[in-house]
Amino acid sequence: MDLQGKACLVTGSTKGIGFAVAESLAQAGADVVVNSRSAADVARVARELEHSSGGRVVGIAADVSKAEDCTKLVDSAATDLGRLDVLVNNAGVGIFSSIEDLSVEEWRTQVDTNLLGVFACSKAGIPYLKATEGWIINVGSLACRNPFAGGSGYNASKFGLLGMTEAMMLDLRHSGIRVSIIMPGSVNTYFSGQEPSSQRAWALGAEDVASATLHLLSYPAAAHVSRVEMRPSQPPTR
């Protein structure tokens, strides 16, 4: 794809899926804002990606679990890049524990990051995305509709994300903004304290989710794929 002249913001993009998405957008020529809570990490990743990109790469630190940080992040991204065409809400956290053991603080951390952050970033981005007839792409999970033991907080946030995304799509479609969700299954990344491992080579790669993101952006204005579900093709047998 040729995304020259497009401006993209990817939250939670210093590693894993977010990094792969930001890298793919940059390599396609887009100007990209990378984000995490760490100023040092975003500066390092912005330098790294700019070497292989066709456009500008800017790092902005913000904690997307805080609504005020989300607004500042989106406004700064649009100001620094001069516009905003694509918002990828990728930042997420998972704390897996039985409801008997999960604390209120752990539950709130997941809901605030995975749900409030997407709401606040999207709301802040709407005026800019209306001007460019842009995209909001939310990175969810198959946990958006498949509950599992130990997932009471995570499932709550992801089920909410799916419902919110589809309602946002209906709210914004006649404003020229397309809203989609990508729902991957197991991905071989650093998520939830894991390390990428050859033992999990059967899982999706972060680059697979990045490919799906670019594929969504390739559709003409009259076409809209609102939900993408992704699974490893050959997971381990039980």
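Points worth noting:
- Rounded to 0.05, the FRET efficiency of the ASP171 and GLU229 pair, given R0 = 25 Å and the Cβ-Cβ distance, is 0.65.
- Separation in nanometres of the label points that stand 7 Å from Cα toward Cβ, at SER218 and SER97: 4.3
- Kirkwood hydrodynamic radius over Cα pairs of the chain, then Stokes diffusion coefficient at 37 °C and 0.692 mPa s, in µm²/s: 185
- Within the chain, the longest run free of GluC sites (Glu not before Pro) that sit in a DSSP loop with at most 15 other Cβ atoms within 10 Å is 134-238.
- For the pair region 209-234 and region 1-70, the centres of their Cα atoms are 20 angstrom apart.
- Look at the alpha carbon pairs under 8 Å that are at least 6 residues apart: their mean separation over the length of region 1-69 gives a relative contact order of 31 percent.
- Of the trypsin sites (Lys or Arg not before Pro) found in region 141-194, the ones in coil according to DSSP and having at most 15 other Cβ atoms within 10 Å of their Cβ are ARG145.
- Distant-in-sequence amide H partners of ALA91 (H built 1.01 Å from N, under 5 Å): THR11, GLY12
- For region 155-161, backbone phi angles converted through the Karplus equation (6.51, -1.76, 1.60; θ = phi - 60°) give residue-by-residue couplings of 4, 4, 5, 7, 4, x, 4 Hz, Gly and Pro being listed as x.
- Annotation: peptides 4-15, 211-222, ranked by per-residue average of other Cβ atoms within 10 Å with the highest first, follow the order 4-15, 211-222.
- The relative contact order of the chain comes to 18 percent, based on Cα pairs under 8 Å that sit 6 or more residues apart.
- Amide H to amide H, with H built 1.01 Å from N, VAL34 comes under 5 Å of VAL58, GLY59, ILE60, counting only residues 5 or more places away or on other chains.
- Net charge of neighbours whose Cβ lies under 9 Å from the Cβ of TYR128, counting Lys and Arg as +1 and Asp and Glu as -1: 0
Just so you know, all these numbers are worked out from the coordinates, no wet-lab data involved. None of the values given here were measured: they were computed from a predicted structure. Methodologically, a virtual Cβ is constructed for each residue, glycine included, from the backbone with ideal geometry; neighbour enumeration extends over all protein chains shown.
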